[in-house]
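Nothing in this text is a laboratory measurement; each read-out follows from the coordinates by a stated rule. This one's a predicted model, so the numbers in the text were calculated from it and none came from an experiment. Using ideal geometry, Cβ is built from the backbone for each residue, glycine included, and neighbour counts are taken over all protein chains shown.
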Amino acid sequence: MVAKPRIRCGLPRGGIGYLGLPIGAAALLLAWRSSGASPLVIASLSIPLCLWLGLGLIADGRVGEMADEVIWESARRNDLLRVEDNIVTRFRLSTWIILLGLASLIVALWR
């Protein structure tokens, strides 16, 4: 599947929203490791960008263009005979992108 980057209705479409994960992680790391006023500036710039990319990924997920929801299934510990059901965890990548942007601001303000 080839992603075709484009902007529709003001939101990034075609998988551009996945860029929010490395951008949010880099902003959080720089907010944690840097000193002075630069972490606050970086975090202030990353919040609207992560929000925009996360909302674009939500729009992609609604129309089935890109995967936003992740279903992670793992076996339970010490269940050798598989008596109980597996642990199923569901989360959205767009939520984590937005939370990474907010966490970078919280860390920058805290430091």
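A few notes on this one:
- Rounded to 10°, Cα long-axis angle of helix 93-110 versus longest principal axis of the chain: 50
- Residues SER44, SER35, SER94 in ascending order of nearby Cβ atoms (within 10 Å, fewest first): SER35, SER44, SER94.
- Nearest 10 degrees, 0 to 90: helix 20-33 Cα axis against the chain principal axis: 60
- Computed FRET value (nearest 0.05) for ALA75 with ALA37, which takes r as the C-beta separation and R₀ as 41 Å: 0.30
- 5 Å-binned pair-distance histogram of segment 49-93 (Cα, whole percent): 5, 21, 17, 15, 11, 10, 8, 9, 4, 0
- Antiparallel content of DSSP bridges confined to the chain, in %, to 5: 100
- Global form of segment 1-72, assessed from the alpha-carbon gyration tensor, a/c cut-off 1.5: prolate
- Residue-averaged [θ]222 nm for the chain, counting only DSSP H segments that reach four residues, each worth -39500 (n - 2.57): -18000 deg cm²/dmol
- Rounded, prolate or oblate (a/c below 1.5 giving rounded, otherwise prolate when a/b exceeds b/c) for segment 18-111 by Cα gyration tensor: oblate
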